[in-house]
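Below: one structure, written as structure tokens.
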Amino acid sequence: MITTSLSRAFIAPLARGLWRPEVVGRRNVPKRGPVILASNHRSFIDSPAITLVAPRQVSFLAKSDYFTGTGVKGAISRGFFTGIGAIAVERGAGAAAQQALDLGLERLQAGGAFAIYPEGTRSLDGRLYRGKTGVAWLAMTSGAPVVPVAITGSEDVQPVGSRVPKLARVRIEFGAPMDLSSFGDASSGRARRHATDAVMTAIQALSGQELAGTYNNPPATSLVERVKRLLPHEERG
């Protein structure tokens, strides 16, 4: 099986040679101890990009489909995603979302680096959407600092719907680490909300994106879901 170290040794130089990413602020990522890399999300390649340019090994969540394929194609997919630090997870809300956070917490409690997208999914219109509070829960529960990350240009490398990456310049900037403990306890919904908003403000300052002011959720498919979204609530996944 391909290891993360081998992937960084062989894939990272190849990726840097092809796409010549501009990397800013690598020194802001602590070399040791738990840390959360909270990034905006523009393209499928964002997770591999962060993993391959960060100064240390980084884990991130990836849908379980990438690990369950069969044949040669399935083996290649499974080996690649395992090698760059991906953790298989079922997508969804509720229990599935909490499972994803729990997996991230395990990595942090083991002293690892964990990447997360507070928006939840890719922005299709280029705007920065409201952050879900899972990032604050992870930071407050684990005590890990949060490094805001801004990626620009990745949407040109692999636009939504494109299967073959294009040659385009990508810029990845790591901001100054943030200590969210001053916002309060992880059990407080208000503390999680304010801390998450602070993280999103830091990401926006790096990316320069227009703020959407709403969550990046798919259209509601039922009356219950439409009513629920009209009521005050917290998005954690």
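The values are calculated or read from the model by the stated rules, or taken from the named source; none is laboratory data. If you're wondering where the values come from, they're calculated on a predicted model, not measured in any experiment. Positions of Cβ are backbone-derived with ideal geometry, glycine not excepted, and every protein chain shown enters the neighbour counts. Please note that ligands, DNA and RNA were not included when accessible areas were found on the heavy atoms of the full protein model with its side chains. Shrake-Rupley method; radii C 1.70, N 1.55, O 1.52, S 1.80 Å.
Things worth noting here:
- Members of segment 138-150 found to be closer than 13 Å to residue 196 by Cα and crowded, with 24+ Cβ neighbours inside 10 Å, listed by number: 138, 139, 146, 147, 148
- Among the residues of segment 21-39, just one is part of a loop (DSSP other than H, G, I, E, B) and open to solvent by less than 10 Å² (accessible area, probe 1.4 Å), namely 29.
- Meets criteria (in contact with a Lys or Arg (Cβ under 9 Å, 6 or more places away or on another chain), at pLDDT 85 or above, open to solvent by 20 Å² or more (accessible area, probe 1.4 Å) and of a type in the set (Gly, Ala, Ser)) for residue 111: yes
- Summed over segment 40-79, residues that are in contact with a Gly (Cβ under 8 Å, 6 or more places away or on another chain), among the basic types (Lys, Arg) and either surrounded by fewer than 18 Cβ atoms within 10 Å (Cβ to Cβ) or not in a helix (DSSP H, G or I) (or both) total 1.
- Residues in segment 125-136 that are surrounded by fewer than 23 Cβ atoms within 10 Å (Cβ to Cβ) and touching a helix residue (DSSP H, G or I) at 6+ places or on another chain (Cβ under 9 Å): 126, 130.
- Residues of segment 106-139 that are farther than 14 Å from residue 38 by Cα and not in a loop (DSSP other than H, G, I, E, B): 106, 107, 109.
- Tallying residues that are open to solvent by less than 10 Å² (accessible area, probe 1.4 Å), modelled with pLDDT of 95 or more and under 16 Å from the mean Cα position of the chain (by Cα) within segment 151-190 yields 4.
- Taking first residues from segment 115-141 that are under 16 Å from residue 46 (Cα atoms) and among the aliphatic types (A, V, I, L, M) and partners that are open to solvent by 30 Å² or more (accessible area, probe 1.4 Å) and modelled with pLDDT of 95 or more, the Cβ contacts under 9 Å between residues at least 6 apart in sequence or on separate chains come to 128/204; 128/210; 128/211.
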